[in-house]
Amino acid sequence: MNGQWIDIKAHDGGSFGAYMSTPPKGNGPGLVVIQEIWGVNEHIRDVADQYAMDGFTVFAPDVFWRQQPRVDLGYNDVDTPKAFAYMTALDAPNAAKDLVATATALRAHSACNGRVASLGFCMGGRLSFVCAAEGAVDAAVCYYGGGIHNMLDRVPSIKVPMLLHFAENDGYIPMPAVESVKGAFAGRDDVRVDVYGGVDHGFNCWGRPMYNQKAAALARGRSLSFLSGVIC
């Protein structure tokens, strides 16, 4: 794969890293892949490469760079408490601005066709929602975005198509929260909310015990179909 780390200018000075992966043809629609709480780790880089193989030019920004550059943690009992600590300490307003800067840099890159979507997992799912609310992207995909149901006051500012994936057995996002998200987008034909039965939070991550191949494949297929219809 054509993967490398690049630097993106921050709005308040300095710069932060992003893992960039380009498609075999060297150019395509842009996709901001947003990390889980474990950082831009091997799994997220693999996901970036996966979407690059599907023809997207991918930037996966280092969301935690203001705390510690290039956090790269594993899914184990030692690293997971560190991951939650990074998430708790995240400066949400600056993180949003960093994601806007990422989308702007990707849109202007010679390997991008000028159209950009965001796609995030867990914490990154919530941040993908924020990207849409900020008007930074042309479409957004959110995998089990924790806390979205507490940000529904931002729904009126979202003018772009969205696809949201939720897990039926998610202990972090109960079904009443999912129903509130559905209700907030009622009447929006360009917003789809899918619930995957019998699976748990994190079902897309093959590095975690809750990985579910069937649900992951189904959600990925839906994501690719959605993205191909709105930014390709």
Revision key, fill the gap. So Lys97 and Arg192, fully extended at 0.36 nm per residue minus their Cα-Cα distance, gain in nm 31.6 nm
Practice item. Using the Cα centre as the reference, give the magnitude of the dipole from point charges on the C-beta atoms of segment 117-232 (Lys, Arg: +1; Asp, Glu: -1; all else neutral), rounded to the nearest 20 debye. Key: 180 debye
Check your understanding: For segment 103-142, what is the convex hull volume of the alpha-carbon atoms per residue, in Å³?
Key -> 57 Å³
Review point. Counting alpha carbon pairs within less than 8 Å and at least 6 residues apart, what relative contact order, in whole percent, applies to the chain?
Key: 16 percent
Point to revise | segment 117-229 - Rg and Dmax from Cα coordinates, angstrom | key: 12.8, 37
**Study point:** Low-density loop positions, trypsin sites (Lys or Arg not before Pro), segment 78-167 - DSSP coil, at most 12 other Cβ in 10 Å
**Key:** Lys159
Practice item. Name the residue, out of Gly114, Gly30, Gly183, whose mean-square fluctuation peaks in a Gaussian network model built on the chain with Cα pairs under 10 Å. Key: Gly183
Check your understanding: In whole Å, how far is the Cα centre of segment 79-93 from that of segment 178-209?
Key -> 23 Å
Study note, to complete from the structure: Projected onto the charge dipole of the chain (unit charges on the beta-carbon of Lys, Arg, Asp and Glu, signs +1, +1, -1, -1), the Cα from Gly147, Phe84, Ala96 with the largest positive-side position is that of Ala96
Practice item. Among DSSP beta bridges whose residues both lie in the chain, state the antiparallel percentage, nearest 5. Key: 35 percent
Revision key, fill the gap. Any chymotrypsin sites (Phe, Trp or Tyr not before Pro) in segment 142-232 that lie in a DSSP loop and have at most 16 other Cβ atoms within 10 Å would be Tyr172, Trp206, Tyr211
Review point. Mean residue ellipticity at 222 nm from the helices of the chain, using -39,500 (n - 2.57) per DSSP H segment of n ≥ 4 over the full residue count, to the nearest 500 deg cm²/dmol?
Key: -10500 deg cm²/dmol
**Study point:** Segment Leu224-Ser110, extension gain: residue separation times 0.36 nm, minus the distance between their alpha carbons
**Key:** 38.8 nm
Practice item. Grab every C-alpha pair in segment 2-230, bin the distances at 10 angstrom width from 0 up to the longest one, and report whole percents. Key: 8, 37, 39, 15, 1
Review point. When the dipole is taken about the Cα centre of the chain, and only Lys, Arg (+1) and Asp, Glu (-1) are charged at their Cβ, what size is it in debye, to the nearest 20?
Key: 460 debye
**Study point:** Label-to-label distance, nm, for residues given as Tyr211 and Lys82 (7 Å Cα→Cβ offset)
**Key:** 2.1 nm
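None of the figures in this text is laboratory data; all of them are computed from the coordinates on show. Computed from a predicted structure; not experimentally measured. When we count neighbours, we look across all protein chains shown, and the Cβ atoms used for this are built from the backbone with ideal geometry, even at glycine.
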